[in-house]
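Let me begin by presenting the structure, written as structure tokens, before commenting on it.
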Amino acid sequence: MSTLPRITVACFDHDRVMPVMDGRVPVEGFEIEPHVLPTSKLFPLAVQEARFDVTELSLSSHILQVARGEGAYVAIPAFISRAFRHNGFFRRANSGIETPADLKGRRVGVPEYQMTAALWMRGILKDQYGVEATDIEWRTGALDAGVRHERLQLTPPPNLKITPISEGETLQSLLLDGQIDALLAPNPPKAFAEGDPRIERIFPDFERVEQDYYAETGFFPIMHVVAVRRTLAEKHPELPMALYEAFSTARDLALQRLEEIWLGSANRLSLPWLNASMERLRATMGRDYYPYGYRGAEREVEAMCRYSVEQYLAPRRVSASELFHSSLIET
């Protein structure tokens, strides 16, 4: 029987975390109890209950809670979810929206105003197209099925309109009915994925646009971090570094596996143009395309902290270093 301290660790099943969750990569000095949960279930548990010792955490939620003086967790600079976001801008066909600048004065749906994907998309709107959060009338709720609410209570100023949709409605149905004009979505709405011509991407050639954005900014937008309960990190000051090293090793294994599949001969993934995708990726972002560590991410996280204040989420401008455990600032 193990005498190591036992900690609960909760993440979604990303390829880059599963070597920790399935035991292939140990967290040195600790025994883990893994919990694999989708983020839609995990994030409310993290910010409302702090149920797990170590958790995947929305970085936007973490910024908001730190700025409020709340939150049970401190972040580890293992950025286990990153995603470009220009692909998530959708419009209703014949809406008159040609570019993101045309969203000014429009009604736009987003599943949660405070979610990290929306934080980035509104940051893109302001920095690249001059559209402020207050220029848009926001509707919030489930994208295309079920029910969704803000996981953290918000108190927007009078000039920022955020209205939850009614029970039984979805953002997709409102878009198709003409009650909203566009969507900022973390994933394609079901009707679009099924080929409904009434929903269109604002950036049809989103891959090229995202490549240009990366070339201009150097940002591969950070979505989620690993976070550890503050009281546990105080009790075991070696734990944050042990977690960082474990999740870094897990990422390395996942990327090595992907490279082996890419360079293999049997097309082991069901993706016919995997070769083309990997070659474009390397040409755009190089070999170190999924970086962890605080120093390389500091400028990007500072931009997120700025976005949070500009979008009337965080009540004060926090610094990037406030979000992460002090032992990892030099990573």
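The values are calculated or read from the model by the stated rules, or taken from the named source; none is laboratory data. Since we're looking at a predicted model, the values are computed, not measured. Note that each Cβ is placed from the backbone with ideal geometry, even for glycine, and that neighbours are counted across all protein chains shown. All accessible areas refer to the heavy atoms of the entire protein, side chains included, with ligands and DNA or RNA removed. Shrake-Rupley method; radii C 1.70, N 1.55, O 1.52, S 1.80 Å.
Data table
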item	result
Residue identified as modelled with pLDDT of 95 or more, open to solvent by 50 Å² or more (accessible area, probe 1.4 Å) and closer than 20 Å to His86 by Cβ among Asp212, Asp181	Asp212
Checking Trp120 against (1) under 13 Å from the mean Cα position of the chain (by Cα); (2) under 25 Å from Leu176 (Cβ atoms), the condition it does not meet	(2)
Test: Thr163 is over 20 Å from the mean Cα position of the chain (by Cα), surrounded by 15 or more Cβ atoms within 10 Å (Cβ to Cβ) and among the hydroxyl-bearing types (Ser, Thr, Tyr)	no
Conditions (1) under 23 Å from the mean Cα position of the chain (by Cα); (2) over 23 Å from Leu59 (Cβ atoms); number of the one not met by Gly96	(1)
Residue match in the range 70-93 (condition: surrounded by fewer than 23 Cβ atoms within 10 Å (Cβ to Cβ), free of Cβ contacts under 8 Å to residues at least 24 places away in the same chain and on the phi > 0 side of the Ramachandran plot)	no
Unmet requirement for Glu245, which otherwise passes all of (1) in contact (Cβ under 8 Å) with a residue 60 or more places away in the chain; (2) farther than 30 Å from Ala10 by Cα; (3) out of contact with any helix residue (DSSP H, G or I) (no Cβ under 9 Å at 6 or more places or on another chain)	(2)
So Ser61, is it open to solvent by 50 Å² or more (accessible area, probe 1.4 Å), under 30 Å from Val131 (Cα atoms), of a type outside the set (D, E, K, R) and not in a loop (DSSP other than H, G, I, E, B)	no
Complete set of residues in the range 167-185 that are in a loop (DSSP other than H, G, I, E, B) and under 14 Å from Ala145 (Cβ atoms)	Glu167, Gly168, Glu169, Thr170, Ala185
Selection from the range 190-213 of residues that are touching a helix residue (DSSP H, G or I) at 6+ places or on another chain (Cβ under 6 Å) and either in a helix (DSSP H, G or I) or over 28 Å from Cys305 (Cβ atoms) (or both)	Ala191, Arg198, Ile199, Phe206, Val209, Glu210, Gln211
Failed item, numbered, when Leu269 is tested on (1) under 23 Å from the mean Cα position of the chain (by Cα); (2) within 27 Å of Pro34 (Cα to Cα)	(1)
Strands (runs of 3 or more DSSP E) lying entirely in the range 68-166 (those with 3 or more residues that are more than 28 Å from Glu298 (Cα to Cα))	89-92, 107-110, 137-140, 161-164
Any hit, the range 281-294, residues being within 20 Å of the chain's Cα centre (by Cα) and small (Gly, Ala, Ser)	yes
Boolean, Lys126 is in contact (Cβ under 8 Å) with a residue 60 or more places away in the chain, open to solvent by 20 Å² or more (accessible area, probe 1.4 Å) and not hydroxyl-bearing (Ser, Thr, Tyr)	yes
Leading residue by the ranking (most open to solvent (accessible area, probe 1.4 Å)) among those in the range 15-45 that are in contact with a strand residue (DSSP E or B) (Cβ under 9 Å, 6 or more places away or on another chain) and under 22 Å from Gly146 (Cβ atoms)	Val36
Any hit, the range 219-238, residues being of a type in the set (Gly, Ala, Ser), in contact with a Ser or Thr (Cβ under 6 Å, 6 or more places away or on another chain) and at negative phi	yes
Within the range 171-207, tally of residues that are farther than 21 Å from Thr116 by Cα and of a type in the set (A, V, I, L, M)	7
Cβ pairs under 6 Å, 6+ apart, first in the range 203-216 and under 22 Å from Leu183 (Cβ atoms), second in a helix (DSSP H, G or I) and not polar (S, T, N, Q)	Phe203/His86; Phe203/Val209; Phe206/His86; Val209/His86; Glu210/His86
